[in-house]
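J.: Just passing along the structure, written as structure tokens.
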Amino acid sequence: MISDPDTRADQADPPRAEVRLRMKPGTAVRGYVDGAWWPRSHDPAAEFPGLVLAMSSWVGPVRRVSYHLNDWTTTNRELTVEGWSVRLVGYPTIDAHTVMVTGPNQKRMCLLVVPPETPGDVARAVLASAVGSDTVASVEELLVSNGVQLR
């Protein structure tokens, strides 16, 4: 699980880990996405290594991450994570706000990507909505219905 420590100084309780990746349960209705991810930035070199490690639990060693070109900054076409090579492929035709993670034997999962600049309460609502057992809404519907302003 990708998490982010909450380090607010005014918080009386100890810091907690904030969920940044959520997956649908295996028994869920198949919808457009298999899960949702809230990265911290638009930089693939900074964000994709953590995603690759987390997603290996679902698809095995990740071989490829495909993404919408306009959602991310320019990066190398290959990334090495934990000793294995991952191909990064940007396409203008992949739906905005999604990434496709592919493992061995072409096992693939589609993730909704919550824009990094989304406020925490809104992002958490999108993550929860996207992974509901009966969720079949599109990426755009999930984002807009939870208050994300699309560009």
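The values are calculated or read from the model by the stated rules, or taken from the named source; none is laboratory data. What you see is a predicted model, and the numbers here were worked out from it, not measured in a lab. Note: ideal-geometry Cβ built from the backbone for every residue, glycine included; neighbour counts use all protein chains shown.
J.: Exactly one of (1) under 15 Å from residue 42 (Cα atoms); (2) buried (at least 18 other Cβ atoms within 10 Å of the Cβ) is unmet by residue 135. Its number?
T.: With (1) under 15 Å from residue 42 (Cα atoms); (2) buried (at least 18 other Cβ atoms within 10 Å of the Cβ) applied to residue 135, the lone miss is (1).
J.: Would you check which residues across region 67-87 are out of contact with any Lys or Arg (no Cβ under 9 Å at 6 or more places or on another chain), within 15 Å of residue 102 (Cβ to Cβ) and hydroxyl-bearing (Ser, Thr, Tyr) and list them?
T.: Within region 67-87, 67 is the sole residue that qualifies.
J.: Hey, another quick one. Which of the residues belonging to region 90-137 are part of a strand (DSSP E or B) and either aromatic (Phe, Trp, Tyr) or closer than 16 Å to residue 150 by Cα (or both)?
T.: 91, 98, 112, 113
J.: Just give me the residues in region 31-83 being assigned to a loop (DSSP other than H, G, I, E, B) and either without any contact (Cβ under 8 Å) to a residue 24 or more places away in the chain or under 11 Å from the mean Cα position of the chain (by Cα) (or both), in sequence order.
T.: Answer for region 31-83, where residues must be assigned to a loop (DSSP other than H, G, I, E, B) and either without any contact (Cβ under 8 Å) to a residue 24 or more places away in the chain or under 11 Å from the mean Cα position of the chain (by Cα) (or both): 33, 34, 38, 39, 40, 74, 77, 83.
J.: Within the set of pairs 6 or more residues apart or between chains, which connect a residue that is on the phi > 0 side of the Ramachandran plot inside region 129-151 to a residue that is surrounded by fewer than 18 Cβ atoms within 10 Å (Cβ to Cβ) and at pLDDT 95 or above with Cβ atoms less than 8 Å apart?
T.: 147/122
J.: Residues of region 79-95 being out of contact with any helix residue (DSSP H, G or I) (no Cβ under 6 Å at 6 or more places or on another chain), closer than 14 Å to residue 67 by Cβ and exposed (fewer than 11 other Cβ atoms within 10 Å of the Cβ), which ones?
T.: 93
J.: Any residue in region 26-46 that is of a type in the set (S, T, N, Q), more than 21 Å from residue 142 (Cβ to Cβ) and modelled with pLDDT under 95?
T.: Checking region 26-46: not a single residue is of a type in the set (S, T, N, Q), more than 21 Å from residue 142 (Cβ to Cβ) and modelled with pLDDT under 95.
J.: Identify, by number, the condition in (1) at pLDDT below 95; (2) of a type in the set (Lys, Arg); (3) not in a loop (DSSP other than H, G, I, E, B) that residue 87 doesn't meet.
T.: (1)
J.: Determine whether residue 128 is of a type in the set (Gly, Ala, Ser), touching a strand residue (DSSP E or B) at 6+ places or on another chain (Cβ under 8 Å) and surrounded by fewer than 16 Cβ atoms within 10 Å (Cβ to Cβ).
T.: yes
J.: If you go through region 54-91 one residue at a time, how many are in contact with a Gly (Cβ under 7 Å, 6 or more places away or on another chain) and at positive phi?
T.: The total comes to 1.
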